[in-house]
Amino acid sequence: MILAERKTLSVAIDGPAGAGKSTVARRVADALGFTYVDTGAMYRALAWAVLDSGVNPQNVEAVLTLAENLDIHLEPGRVWADGREITEWIRSPEISNLTSPLAALPEVRARMVTLQQAMARRGGVVMEGRDIGTVVLPEAEVKIFLTASLAERVRRRREELSAGGVERETETLEREIAARDARDSGRDTAPLRPAEDAVCLDSDQLSADDVVTQILALVGERSHGE
Ligand code: DC
């Protein structure tokens, strides 16, 4: 086989908001020298573009036109939309709350899935999201479903926001995260759920180090099985 065409394996990491996917996915990608792809940032970039352009989020056709034409560029921890860096804007509560309903639109998902599959064509990716193991990369060699209790996820999100100088009340965050979970899990298209062959890990019980170690062990097993 020609070396340039050789496909390396892919790692899919799914789970609800605040389960620790990003930390773990980035560390696994670094350890393996793989490309890290944060698919949530792509949906967030679309929400940003909707707000920036003044398009009515209820106007599905206009949202789809934006999604079709939006040029999204990702680097670890950074995001650009049409050449503008939007990293510092896309984690705001306003964007978080708008992203979830936009991500429920089947045509928006179809567009994002096409882009994501193109990024993973040659393997060598660690991709995190909600539907990676089920829809985007059903053939991924390693699939992880990372969960944590709502209380723990709220605690982490609060700390994360606080580190960025944003203070939010626990009850408000809890309500928002629970609503996003319900929307992401309850939608008709690509709802959040573990793939049948996913390994489920609970990050209430495990440190980020433990989770990374377990994923790297699985990658080791699967690559030797090639
Ligand atoms: O992972 P995150 O919190 O940045 O994701 C933002 C939103 O996008 C969240 O509501 C779930 C949605 N999302 C999705 O539907 N599918 C993905 N593959 C990734 C994120």
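A short reminder: the numbers here are calculations on the coordinates, not readings from a lab. Everything numeric in this text was worked out from a predicted model, so none of it was measured. For neighbour counting, all protein chains shown are included, and Cβ atoms are generated from backbone atoms with ideal geometry for every residue, glycine included.
Name the long-range amide H neighbours of residue 199: under 5 Å, sequence gap of 5 or more, or other chain; modelled H, no Pro or chain starts.
Under 5 Å from the amide H of residue 199: 143, 144, 145.
List every residue whose amide H lies under 5 Å from the amide H of residue 129, counting only residues 5 or more places away in sequence or on a different chain, with H placed 1.01 Å from N in the peptide plane.
Here the answer is 13, 14, 15, since their amide H atoms fall under 5 Å of that of residue 129.
Assuming R0 = 25 Å, can you tell me the calculated FRET efficiency for the pair residue 160 and residue 30, based on Cβ-Cβ distance, to the nearest 0.05?
0.80
What list of ³J(HN,Hα) couplings, whole Hz, do you get for region 182-194 from phi and the Karplus terms 6.51, -1.76, 1.60, once you set θ to phi - 60° and write x for glycine and proline?
Ordered by residue, 3J(HN,Hα) equals 4, 5, 5, 8, x, 5, 6, 8, 6, x, 5, 6, x Hz.
Mind giving me the FRET efficiency for residue 208 and residue 51? R0 is 30 Å, r the Cβ-Cβ distance, nearest 0.05 is fine.
Details: r = 32 Å, r/R0 = 1.06.
It comes to 0.40.
Restricting to the chain, compute how many DSSP beta bridges are antiparallel as a %, nearest 5.
Details: 6 of 22 bridges.
Here the antiparallel bridges make up roughly 25 percent for the chain.
Across region 1-93, what fraction of all alpha-carbon pairs, as a whole percent, falls in each successive 10 Å bin from zero upward?
Final binned percentages: 14, 38, 31, 14, 3, 0.
For region 34-114, what relative contact order do you get, as a whole percent, if you take Cα pairs closer than 8 Å and at least 6 residues apart? Walk me through the numbers before you get to the answer.
Values: 84 pairs, mean separation 27.3, N = 81.
This gives 34 percent for region 34-114.
When every alpha-carbon pair in region 59-148 is counted, what percent end up more than 18 Å apart? Mind dumping the intermediate values first?
Working: 2182 of 4005 pairs.
Roughly 54 percent, rounded to a whole number.
So what is Rg over Rh here for the chain, counting just Cα atoms and using Kirkwood for Rh? Spell out each step's value before the answer.
Values: Rg = 17.2 Å, Rh = 18.0 Å.
Radius of gyration relative to Kirkwood radius: 0.95.
Could you compute Rg(Cα) / (2.2 N^0.38 Å) for region 98-226, with N its residue count?
Details: Rg = 16.3 Å, N = 129, 2.2 N^0.38 = 13.9 Å.
Normalised Rg, Cα atoms only: 1.17.
Output wanted: per-residue J couplings in Hz (rounded whole) for region 144-157, from phi through Karplus 6.51 cos²θ - 1.76 cosθ + 1.60, θ = phi - 60°, x for Gly and Pro.
Taking θ as phi minus 60°, the curve returns 10, 10, 9, 10, 6, 5, 4, 4, 5, 5, 5, 4, 5, 5 Hz for region 144-157.
Whose amide H sits under 5 Å from the amide H of residue 122, counting only residues 5 or more places off or on another chain, with H placed in the peptide plane?
Close amide H contacts, sequence-distant or interchain: none at all.
Extending each Cα 7 Å along its Cβ direction at residue 122 and residue 107, get the distance between those two points in nm, one decimal.
About 3.4 nm, to one decimal.
Order of 210-217, 175-182, 50-57, 24-31 by packing, highest average Cβ count within 10 Å first?
Those peptides, ordered most packed to least, come out 24-31, 210-217, 175-182, 50-57.
Starting from one equal scatterer on each C-alpha and no solvent at all, send me the Debye-based log10 I(q)/I(0) for region 52-97 at q = 0.17, 0.25 Å⁻¹, two decimals.
Taking Cα atoms of region 52-97 as identical point scatterers yields -0.57, -1.08.
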